[in-house]
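The values are calculated or read from the model by the stated rules, or taken from the named source; none is laboratory data. Predicted model only: the values in this text are computed from it and were never measured. Cβ coordinates were reconstructed from backbone atoms using ideal geometry, including for glycine residues, and neighbour counts include every protein chain displayed.
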Amino acid sequence: MSRKLRMGLVGGGPGAFIGPVHKMAAELDGKIELAAGAFSQSAERSRAAGAGFGIDPARAYGSYAEMMETESRREDGIDFVVIATPNHLHLPVAEAALGAGIAVMSDKPATATYDEALKLEAVVAKAGLPYGLTHTYAGYSLVREARALCASGKLGPIRKVAVEYLQGWLSRPVEATGNKQAAWRSDPALNGPGGSIGDIGTHAFHLTEYVTGLKVTGINATLRRVVPGRRLDDDCDALLRLGSDASGTLMASQVAAGERNRLVLRVYGENGSLEWHQEDPNSLSVKWMDGPEEIRHAGGGYLGADALAVTRLPGGHPEGYIEAFAVLYREFAEAVTAWKAGKADVLPATLPGIEAGVRGMRFIERAIESNRLGSWVEF
């Protein structure tokens, strides 16, 4: 049996939401173990986080630069690093890791700005190392089923796509009350120029292209700062043009009071349509022009190979966010293992990589430009 891959984590220290999620997801399938981390910009807080995660105290570092330098020289050094920091650190941490010969799995968006994403794309190409992006929703089995259904042509030519991602947690100025997660997401210096469009709009955009297989070619976006004093957008409505003459709508808002994590995708073809809700992820509705509506359930033996390949439990035993996250980590672990065996182009098409990262940052840049001009812009 091959050994577990050793993971290093940058970010995810005390008060962070996503760090423990990364650890749980990465370790779920038994292919990865957290071995080191630079969990905070404070060495003391990093050591405290390391103790909480149960790692060797000597491998809880005071900075990501120290971690890359030290781990790259250890015989039992980390195989890859996870970036779970505010967006302004994504590029420098990725550069440091790739420069030290360490593969990278990053939170989305890939960087803070589009120009940074282009720079990172060049760095990844030069390094020749696996680079993955945690667009978590790509890991759900029924998202894979929806993707395969679109690719099969059974829905007919895609005519319209509607995606919405609604949250309500920023309906009030909680960034001014000490809420750490809200504070950095509302700060352009830490987050980059896109507020809700960067935090959740990029998820909606990626899901649109990932499932349909179509590329966005044009966008007409309206961005708003609903909460007084907020420096970044917290609400977005956008019209999309997609390849093959399809149209789309994208709505992203973090001021939709009462909503928790309402991500919904609808795809309409000539022959039928599909609908998936992230808050009810184990069901996929498929409606036919000349036939009865189908409700496909996670774990069903009638699902396609792509969906069944990422299903762990029998039908009726729900799998959710952590399991979807873990699918991406399992695929990344397999890619890193293949790369270590000397294989090239090891990232599977189902796992978002640097191309998805660049397009996500382009979405933010184009949405901001469209809003500034008050008109359509080419993608």
Which members of region 363-379 meet the condition of being surrounded by fewer than 20 Cβ atoms within 10 Å (Cβ to Cβ) and of a type in the set (Phe, Trp, Tyr)? 376, 379
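For residue 146, state whether it is of a type outside the set (Ser, Thr, Tyr) and in contact with a Phe, Trp or Tyr (Cβ under 6 Å, 6 or more places away or on another chain).
The answer is yes for residue 146.
Looking at region 234-313, what strands (runs of 3 or more DSSP E) fall wholly within it and have at least 1 residues that are farther than 17 Å from residue 144 by Cβ and acidic (Asp, Glu)? Before you say what the answer is, go through the steps one by one.
Values: elements: 235-242, 246-253, 262-269, 272-277, 283-288, 294-297.
Those strands (runs of 3 or more DSSP E) span 235-242.
For the subset of region 164-184 comprising residues that are in contact with an Asp or Glu (Cβ under 7 Å, 6 or more places away or on another chain) and without any contact (Cβ under 8 Å) to a residue 60 or more places away in the chain, which member is surrounded by the fewest Cβ atoms within 10 Å (Cβ to Cβ)? Walk me through it before giving the result.
So in region 164-184, the residues in contact with an Asp or Glu (Cβ under 7 Å, 6 or more places away or on another chain) come out as 166-168, 170, 182-183.
Filter once more, so that each one left must be without any contact (Cβ under 8 Å) to a residue 60 or more places away in the chain: 182-183.
On the way: 182: 19, 183: 16.
Per the criteria, the residue is 183.
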Meets criteria (within 28 Å of residue 310 (Cβ to Cβ) and touching a Leu at 6+ places or on another chain (Cβ under 6 Å)) for residue 103: yes
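Is at least one residue of region 188-201 assigned to a loop (DSSP other than H, G, I, E, B), within 30 Å of residue 149 (Cβ to Cβ) and touching a residue at least 60 places away in the same chain (Cβ under 8 Å)?
no
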Residue check, residue 144 modelled with pLDDT of 95 or more, closer than 30 Å to residue 283 by Cβ and out of contact with any Lys or Arg (no Cβ under 9 Å at 6 or more places or on another chain): yes
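Is there a residue being of a type in the set (S, T, N, Q), surrounded by fewer than 24 Cβ atoms within 10 Å (Cβ to Cβ) and in contact with a Gly (Cβ under 8 Å, 6 or more places away or on another chain) anywhere in region 104-120? Break it down into steps so the answer makes sense when it comes.
As a first pass, look at region 104-120 and keep what is of a type in the set (S, T, N, Q): 106, 111, 113.
Checking the rest, the ones that are also surrounded by fewer than 24 Cβ atoms within 10 Å (Cβ to Cβ) come to 113.
Cutting the leftovers down to in contact with a Gly (Cβ under 8 Å, 6 or more places away or on another chain) gives us 113.
Within region 104-120, one or more residues are of a type in the set (S, T, N, Q), surrounded by fewer than 24 Cβ atoms within 10 Å (Cβ to Cβ) and in contact with a Gly (Cβ under 8 Å, 6 or more places away or on another chain).
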(1) in contact with a strand residue (DSSP E or B) (Cβ under 6 Å, 6 or more places away or on another chain); (2) part of a helix (DSSP H, G or I); (3) free of Cβ contacts under 8 Å to residues at least 60 places away in the same chain: which one isn't true of residue 65, the others all being true? (1)
Which members of region 1-49 meet the condition of being among the charged types (D, E, K, R), modelled with pLDDT of 95 or more and in a loop (DSSP other than H, G, I, E, B)? 4, 29, 31
Being small (Gly, Ala, Ser) and either under 18 Å from the mean Cα position of the chain (by Cα) or part of a helix (DSSP H, G or I) (or both) is the filter here, so list the residues in region 354-379 that pass it. 356, 357, 360, 367, 370
Within region 328-350, does at least one residue satisfy the condition of being in a loop (DSSP other than H, G, I, E, B), of a type in the set (Val, Ile, Thr) and in contact (Cβ under 8 Å) with a residue 40 or more places away in the chain? yes
What are the pairs, 6+ residues apart or on separate chains, where a residue within region 270-299 that is assigned by TED's automatic domain parsing to the domain that holds residue 156 has its Cβ under 6 Å from a residue that is among the hydroxyl-bearing types (Ser, Thr, Tyr) and in a loop (DSSP other than H, G, I, E, B)? 281/140; 299/311
Given the residues 327, 358, 310, 336, which is the only one that is surrounded by 16 or more Cβ atoms within 10 Å (Cβ to Cβ) and touching a strand residue (DSSP E or B) at 6+ places or on another chain (Cβ under 6 Å)? 336
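In region 239-276, what residues are of a type in the set (A, V, I, L, M) and within 16 Å of residue 205 (Cα to Cα)? Walk me through it before giving the result.
First, the residues of region 239-276 that are of a type in the set (A, V, I, L, M): 239-240, 242, 246, 250-252, 255-257, 263-265, 267, 274.
Across region 239-276, the qualifying residues are 239, 240, 242, 246, 250, 251, 252, 263, 264, 265, 267.
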Failed criterion for residue 73 (all others in (1) free of Cβ contacts under 8 Å to residues at least 12 places away in the same chain; (2) not in a loop (DSSP other than H, G, I, E, B) hold): (2)
